[in-house]
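Student: Sharing a structure below in structure tokens format, with a few things to ask.
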Amino acid sequence: MKPLEPGPVAYVLKRYPRLTETFILNEIRAIERLGERLHIFSLLPPEPPPHHPMVDEVRATLHAPPSGWWTTLRVFGAAQRSLLVAAPRRYLGTFVLAVWRKLGSRHPLSLWRQFARAAVLAQMCRDLGIRHIHAHFANAPTTVAEFAHRMSGIPFSFTAHAKDIYLARPAILRRHLQAAEFVATCTGYNAEYLRRIAPRLDPRRIHLVYHGIDLQNFSGVAGRAARRPTRPRILAVGRLVPKKGHEDLIAACAALRAQGVDFECEIVGAGALQAALEAEIGRHALTDRVFLRGPMTHRELVVRYREADLFVLAPRIAEDGDRDGIPNVIAEAMAVGVPVVATEVSGIPELVRHERTGLLAPSRDPQALAAQIKRLLDDPALGAALARAAQALLRRDFDLWETTRALHALMGPAACCPQGAHGAAVLARQETAPFHGAAAGEATR
């Protein structure tokens, strides 16, 4: 008798697709090309365009929430009834657990929303033969995945990133850590923090899995010579939010201009601080030097990387404790061959190794940041040497295919065997009954 083919994996995301989450998109593409069958469950409706063109390469079915209150209640109610009949002990046990957690929750309505979503996820995973549930971010997606695991018996795991770790209550994080089959996180800094808050947990269940870079998408230093700006160009990429530290970069640009340094600076991204940053640029009289370019697709960003002389990012720990892990844009700039200056926050020194693969400055210190920027603008040979070393580090520790293989191996038996270069198997498009399901690439066209 032919053995049964292992079931597919469910990915649970808060919203898919999202322009700012290229690292998740890359992981999904890579896992599919390693031969895995996926179903993507988005807790919120897809983000409006623009979308990265790579979204069209994803073959998985996207399951997004139904539209309209009546349809939503009908779908959620049907899932609850079905689970109550099919697995009454599991369902009722999870319901009692949710009631208990509600008593100590700061957001009880949100908890019930996740419980309702989990019932739909659990029922669909049972119907689809899902073998493993994986959530990204240790907040709502992981809460939904854990409840669905308890209702269905399907093992689950999650990847923890940054804000979802440092803004969460340690007790809630410990609960998720203890329930999960395994936990992945994108920096060693994060992994040590998670092990500290859950000292009784076997530390081997927490895995460091860096966000990998698809190095084939970047042509390296040679591609940067295609166009040279009239002034040395500094590039920064990141949402316009406090933890990105764009205010410090603007202040550093003011210090550079005061020292007579010639440059221009582009900041790519969107966010709540748009007006405040525009005001800062005006206050420092930098409107002819510093430009806010808005959000861009990955394809547009690669062009910007190639035109840059220097990539600078100044993350900080925000007042509420929010912080970055290792911003993916730093690795992307390195992959193109752009020298990098950054701040020594969180896991950044794991990639930007001071005076080996880039230069570091203390956070919230614009003068120190300006000094490191000036150092590289004055010494292109040093920048080129650091860029070469950074590319070697990426090939060794941040290659997308190797990091994705490591994560995929933790999820259990693959749906099929890897084929071709980088295990690039051509997968048949999976079609399912709507909740509402569509091939993930088609959902954004």
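Where a number appears in this text, it was derived from the coordinates with a stated rule and is not lab data. Note that the coordinates shown come from a computational prediction; the quantities given were computed from them, not determined experimentally. Because the Cβ atoms are built from the backbone with ideal geometry, glycine has one as well, and the counts that use them run over all protein chains shown.
Student: Once the Cα atoms of helix 88-103 and of the chain are each reduced to a long axis, what angle between those two axes, in degrees from 0 to 90 to the nearest 10, is obtained?
Tutor: That helix lies at roughly 50 degrees to the long axis.
Student: Work out the charge dipole of the chain with +1 on the Cβ of Lys and Arg and -1 on the Cβ of Asp and Glu about the Cα centre, then indicate which of 333, 359, 210 is farthest towards its positive end.
Tutor: Checked the options; the winner is 210.
Student: Along the positive direction of the dipole of the chain (beta-carbon charges: Lys, Arg +1; Asp, Glu -1; about the Cα centre), which of 79, 246, 184 reaches farthest?
Tutor: Working it through, the farthest residue towards the positive pole turns out to be 79.
Student: Which percentage, to the nearest 5, of the DSSP beta bridges contained in the chain is antiparallel?
Tutor: Restricted to the chain, the bridges split so that about 5 percent are antiparallel.
Student: Determine the sum of side-chain charges near residue 108: Lys and Arg each +1, Asp and Glu each -1, restricted to other residues whose C-beta is under 13 angstrom from that of residue 108.
Tutor: +4
Student: Can I ask one more? Give me, ordered by chain and number, the residues 5 or more places off residue 237 or on other chains with an amide H under 5 Å from its own placed amide H.
Tutor: Excluding prolines and chain starts, which carry no amide H, the hits are 268.
Student: Follow-up question, since we're still on this one. Quote the relative contact order of the chain in percent (integer), defining contacts as alpha-carbon pairs under 8 Å separated by 6+ residues.
Tutor: 22
Student: For helix 298-307, report the angle its Cα long axis makes with the longest principal axis of the Cα atoms of the chain; keep it between 0 and 90° and round to the nearest 10°.
Tutor: Its long axis makes an angle of about 20 degrees.
Student: Find which of 17, 58, 118 sits farthest along the positive direction of the dipole of the chain, computed with +1 on the beta-carbon of Lys and Arg, -1 on that of Asp and Glu, about the Cα centre.
Tutor: So the residue we want is 118.
Student: Amide H to amide H under 5 Å from residue 291: which residues, 5+ apart in sequence or cross-chain, H placed 1.01 Å off N in plane?
Tutor: Long-range HN contacts for residue 291: 265, 266, 267.
Student: For residue 156, list long-range residues whose amide hydrogen, built 1.01 Å from N in the peptide plane, is under 5 Å from its own amide hydrogen.
Tutor: Sorted by chain and number, the residues that satisfy this are 133, 181.
Student: For segment 269-286, in order, what is each residue's ³J(HN,Hα) by Karplus, 6.51 cos²θ - 1.76 cosθ + 1.60 with θ = phi - 60°, in whole Hz (x at glycine and Pro)?
Tutor: x, 9, x, 5, 8, 3, 5, 5, 5, 4, 5, 5, 4, x, 4, 8, 6, 10
Student: Quick one: putting +1 on the C-beta of Lys and Arg, -1 on the C-beta of Asp and Glu, what dipole do you get for segment 216-396 around its Cα centre, in Debye to the nearest 20?
Tutor: Value, rounded to 20: 620 debye.
Student: Using alpha carbons only, how many degrees (0 to 90, rounded to 10) separate the axis of helix 108-128 from the longest principal axis of the chain?
Tutor: Roughly 70 degrees between the two axes.
Student: Near residue 163, which lysines are there with a Cα under 18 Å away, not counting those fewer than 8 places off in the same chain?
Tutor: Reachable lysines: 14, 243, 244.
Student: OK, next. Please state the relative contact order of segment 309-401 as a whole percent: Cα pairs under 8 Å, 6+ residues apart?
Tutor: Taking the mean separation of contacting Cα pairs over the length of segment 309-401, I get 30 percent.
Student: Rounded to the nearest 500, what is the 222 nm mean residue ellipticity of the chain from helices alone, with -39500 (n - 2.57) per DSSP H run of 4+ residues and division by all residues?
Tutor: Result for the chain, helices only: -13500 deg cm²/dmol.
Student: Could you work out the local net charge near residue 251, counting Lys and Arg as +1, Asp and Glu as -1, over the other residues with Cβ closer than 15 Å to its Cβ?
Tutor: +2
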